[in-house]
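The values are calculated or read from the model by the stated rules, or taken from the named source; none is laboratory data. Worth saying up front: this structure is predicted, and the values here are computed from it rather than measured. Here Cβ is always computed from backbone atoms with ideal geometry, including for glycine, and neighbour counts include all displayed protein chains. Protein only, heavy atoms only, side chains kept; ligands, DNA and RNA dropped before computing areas. Shrake-Rupley method; radii C 1.70, N 1.55, O 1.52, S 1.80 Å.
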Amino acid sequence: MKIDGIYQIHAPRERVFNAIIDPEVLQRCIPGCQELEKTGDDEYAATLKAGVGPVKGTFKGNVHLRAMRPPEHYELSVSGKGGPGFVKGTAIFDLEQVDASSMIKYSGEMQVGGVIAGVGQRMIEAAAKMMARKFFAALERELSADHQIRTSTP
C-alpha cells in the first residue's frame, strides 16, 4: 500500500527538520507512540498502540533514519510486530521553505500482515492517512508551543 501527501507547517524548515528527527518530539507527536528509545545512531526501538477498525493492539519494532540531508530530506524505515500482525514500511520526507513556512512532502509504502490485514486495504489506508494528519497537527502544535515559550521567555 502506498501513501503520500503534502503538509504545511508554519515554522522555518530547519526547526521542522530538527523536530521530525528528535525522538522526544516524535514520541509526543506520533499517535499511539508509548516509547521511542535510541538504540544506535539514527536507530530507535518503538512501542506503539494502534488499530484499524475493530483490530487493535500493541506493536514493538524498530525505526531507522537514513539518507539524511539536513534540513531538506530524510528517509525512514519501520518494522514491527504485535498481536494484530506485522507492519513494515518506508517513507521519504522532503522539506521545502515557502515564505515563513515549511512544506513537507511525504511518500511511503507499507506492508501489513496477520489479523490486521484482514480489515482490508481501504480501511488500513484510511487509518494511515488519519494517523499522518494527526501526526502533522501534533507537530504543528509542538512547534507553535515551542515558539511561544521561546518568545515569551524574558
Looking at region 1-48, which of its residues are open to solvent by less than 50 Å² (accessible area, probe 1.4 Å), touching a residue at least 24 places away in the same chain (Cβ under 8 Å), part of a helix (DSSP H, G or I) and within 29 Å of Val119 (Cβ to Cβ)?
Ile20, Cys29
When region 80-96 is checked residue by residue, the ones that are surrounded by fewer than 17 Cβ atoms within 10 Å (Cβ to Cβ) and either in contact with a Lys or Arg (Cβ under 6 Å, 6 or more places away or on another chain) or not basic (Lys, Arg) (or both) are Gly83, Phe86, Thr90, Ile92, Asp94, Glu96
Within region 49-94, which residues are within 18 Å of Phe136 (Cα to Cα) and not in a strand (DSSP E or B)?
Pro71, Glu72
Please verify whether Pro54 is surrounded by fewer than 13 Cβ atoms within 10 Å (Cβ to Cβ), more than 14 Å from the chain's Cα centre (by Cα) and either basic (Lys, Arg) or closer than 21 Å to Val119 by Cβ (or both), treating the condition exactly as stated.
yes
Which is among the acidic types (Asp, Glu), closer than 18 Å to Gln34 by Cα and under 14 Å from the mean Cα position of the chain (by Cα), of Glu109, Glu142?
Glu142
When (1) in a strand (DSSP E or B); (2) over 20 Å from the mean Cα position of the chain (by Cα) are applied to Gln97, the one that fails is (2)
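Can you find a residue that is surrounded by 15 or more Cβ atoms within 10 Å (Cβ to Cβ), closer than 25 Å to Arg15 by Cα, hydroxyl-bearing (Ser, Thr, Tyr) and touching a Lys or Arg at 6+ places or on another chain (Cβ under 6 Å) anywhere in region 102-110? Let's see the steps before the verdict.
Filtering region 102-110 down to residues surrounded by 15 or more Cβ atoms within 10 Å (Cβ to Cβ) leaves 102-104, 106, 108, 110.
Cutting the leftovers down to closer than 25 Å to Arg15 by Cα gives us 102-104, 106, 108.
With the extra rule that they be hydroxyl-bearing (Ser, Thr, Tyr), the set shrinks to 102, 106.
Checking which are touching a Lys or Arg at 6+ places or on another chain (Cβ under 6 Å) leaves us with 102.
Among the residues of region 102-110, at least one is surrounded by 15 or more Cβ atoms within 10 Å (Cβ to Cβ), closer than 25 Å to Arg15 by Cα, hydroxyl-bearing (Ser, Thr, Tyr) and touching a Lys or Arg at 6+ places or on another chain (Cβ under 6 Å), which makes the answer yes.
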Region 105-136: number of residues that are out of contact with any helix residue (DSSP H, G or I) (no Cβ under 9 Å at 6 or more places or on another chain) and either of a type in the set (Phe, Trp, Tyr) or assigned to a helix (DSSP H, G or I) (or both):
13
Restricting the search to region 64-79, which residues are more than 16 Å from the chain's Cα centre (by Cα) and crowded, with 18+ Cβ neighbours inside 10 Å?
Pro71
Given the structure, is Tyr44 modelled with pLDDT of 95 or more and either under 19 Å from Ile3 (Cβ atoms) or among the basic types (Lys, Arg) (or both)?
no
